[in-house]
1. Helix B:173-182 against the longest principal axis of chain B: what's the angle in degrees, Cα atoms only, rounded to the nearest 10?
2. Based solely on its DSSP helices, what 222 nm [θ] is calculated for the protein assembly as shown when runs of n ≥ 4 H residues each add -39,500 (n - 2.57) and the sum is averaged over all residues, nearest 500 deg cm²/dmol?
3. Residues in the range A:249-290, backbone N under 12 Å from the label point at residue A:304 (7 Å along the Cα-to-beta-carbon vector): list them, ranges by number please.
4. Please give me the summed charge of the neighbours of residue A:27: other residues whose Cβ is under 13 Å from its Cβ, Lys and Arg +1, Asp and Glu -1.
5. How far is the Cα center of the range A:174-193 from the Cα center of the range A:282-341, in Å?
6. Leaving ligands, DNA and RNA out of it, work out the accessible area of residue A:134 with a 1.4 Å probe and give it in Å² to the nearest 10.
7. Select from the range B:12-112 those chymotrypsin sites (Phe, Trp or Tyr not before Pro) which occupy a DSSP coil region and have at most 11 other Cβ atoms within 10 Å, ordered by residue number.
8. Considering only protein heavy atoms, what is the solvent-accessible area of residue A:281 at a probe of 1.4 Å, reported in Å² to the nearest 10?
Amino acid sequence: MIRIDSVTKRYPDGTVAVDRLSLEIPDRAITVLVGPSGCGKTTTLRMINRMVEPSEGTISIDGRDTRQQPVNTLRRSMGYVIQNAGLFQHRTIVDNIATVPRLLGWSKDRARARARELMERVGLDASLARRYPYQLSGGQQQRVGVARALASDPPVLLMDEPFSAVDPVVRKGLQDELLRIQDELGKTIVFVTHDIDEAVKLGTMVAVLRTGGRLAQFAPPAELLTNPADAFVEDFLGADRGIRRLSFFSSAGLELLTAPIVAVDASAEQIAARATEDVPYLLVTGLDGRPLGWSEPGALTAGQVDTGRLLPCGRPFAAGRDSLRAALDCAVLSPTGWAVAVDGEGRAAGVVSQAAIGEAIRGAHANDTTGTTGFAGAPDLAAVQKAAR
Amino acid sequence: MNVLHYVNAFFSNDAYWQGYDGIPTRVSEHLGYTLEALALAALIGLPVGLVTGHYGRGGNALSLIATAARALPTFGLLVLMTMLIGFGMLPVMIPLVVLAVPPILVTTYEAMRSVDPSPVDAARGMGMNEAGILLRVELPVALPMILGGLRSAAIQIVSTATIAAYVSLGGLGRYIVDGLYQRDYEKVVGGATLVAALALATLALFWALGRLTVSAGVRRSN
């Protein structure tokens, strides 16, 4: 565990970048430091590997003060990823990744073999090994940056706004990739970002810092969205935090109606039997069970439905796997107001109305426990903060 | 009588291809002065430029010294040094080195300053020591510019080393100084042509050096 204990960073000109910050960063989880510019999040990160020395307070890793070992030994035991990847342009990709193993005295062959292994892990094609950084896209460069940080298999990974400089589509890919890698490797990751959506998506724990380097709230993302500690945090979370919070509720509890689903080759009797008072529309599926679109029962031709005249059903949500947010989004976007759920193979599993989703949301809020339980170690801090207010 | 005629006459004169005043001797003397002056200037300019550039301190002091050194007239310095020290290699080397240090020093400093700071930050964060950062992160990227500084210094020395002849040393300046004195324009033009050829050869040499020492990753990305 990385323990930041009432750490202050004051510069010679009197500027206070970080003000008596205390954080307990849990092992094998992603802890995100988030806040507006000037909140000291990067300074905090850089104090962990002593790129910046704290003016007061201590930082310890597994109970050991970071100042007890030589600074370069400390840094080599932590992966470090920065915004523009910071690749060495004169070295090939494989040699960039092999940097820290080489510093640790590994042989060239062993370091390169390890580097190639990591390229695969971060989703880089092996053919890029002998290329130079300038030949790679921004997203690929950032993957190299992550691979380089992982090369000596350090238990801790420090990431300073690693995905801020790439476009949103690439950023989403990199975020998903990081979560996947984290599932496999279980590193202790400290991640700095100014993007609250990124923080909520990636963080097991999120520390919101305010300008002047003080901690505003330290909580799991779901709790952050449910119970923002104060107006600053609420404001920083943005206007649609209620909707975003639905990402943390599963759609598994939704009651799916299967009655209003007819196959494309349905007979007149089947169509008549499916049409009920509750559902004004029928969902037509292909012979493979995939949803094709909506239609009023009267407009359907028995035996062979004209698929060109169906109302589009939009992108369906995966029943159970997607969140209530995805389900609600489907219902809102659907011209009929009904969301279509599909199973793992993409076959229609049922339909659900906006009203039913609303009901499920109310139910989820009632049963919500994220505000009271949460991550080990977090409730104390949250309680301390609440008491302080 | 045009210049080409002089050139032709000079190079086809067998007398100029042998003996202590022959082209091979004078060229090798000239190269000797050049290499010695360049090596001394690089020995002073490179380490100072690399270290100050790496730490980013002393830039103003450097440019002040460099401007002052550039303002010194080479020929005047030669005469002064000869008066002070007497005849010999040293009074020739001093003005040549003074001439060559500023371009090496200033370009090396600037080259190191212009290295992208993010790989340096990444290297430091990965636990590379300062010497490692300087030599293995900054230097390979700064190398094209540093070679550029060495190249201009080398070319300036090649053309200026002719002054050695004024204080009774050898080199290609011999042809020019003697030729002017003897009103032998064939000799003057021949000597000047050789100096120009050496300067061009220096250019070619540095181009080849760049191809050999600069990583393809740096050469192509700039």
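The values are calculated or read from the model by the stated rules, or taken from the named source; none is laboratory data. As the structure is a prediction and not an experimental result, all values here were calculated from the model. Don't worry about glycine lacking a Cβ; one is built from the backbone with ideal geometry, like all the others, and counts go over all protein chains shown. Surface areas here come from the heavy atoms of the whole protein model, side chains and all, with no ligands, DNA or RNA. Shrake-Rupley method; radii C 1.70, N 1.55, O 1.52, S 1.80 Å.
1. Orientation of helix B:173-182: about 30 degrees from the principal axis.
2. On the way: 25 runs with 303 residues, N = 611.
Counting only the DSSP helices, I get -15500 deg cm²/dmol.
3. Once the point is set 7 Å along Cα→Cβ of residue A:304, A:265 turn out to lie under 12 Å by backbone N, inside the range A:249-290.
4. Details: positive: A:3, A:28, A:187; negative: A:24, A:62.
Net charge around residue A:27: +1.
5. One Cα centre to the other: 35 Å.
6. Counting only protein heavy atoms, the figure is 80 Å².
7. Working: sites: B:16, B:17, B:20, B:33, B:55, B:75, B:87, B:109; in loops: B:20, B:87.
Within the range B:12-112, the qualifying chymotrypsin sites (Phe, Trp or Tyr not before Pro) (loop, at most 11 other Cβ atoms within 10 Å) are B:20, B:87.
8. Taking all protein chains as shown, residue A:281 has close to 50 Å².
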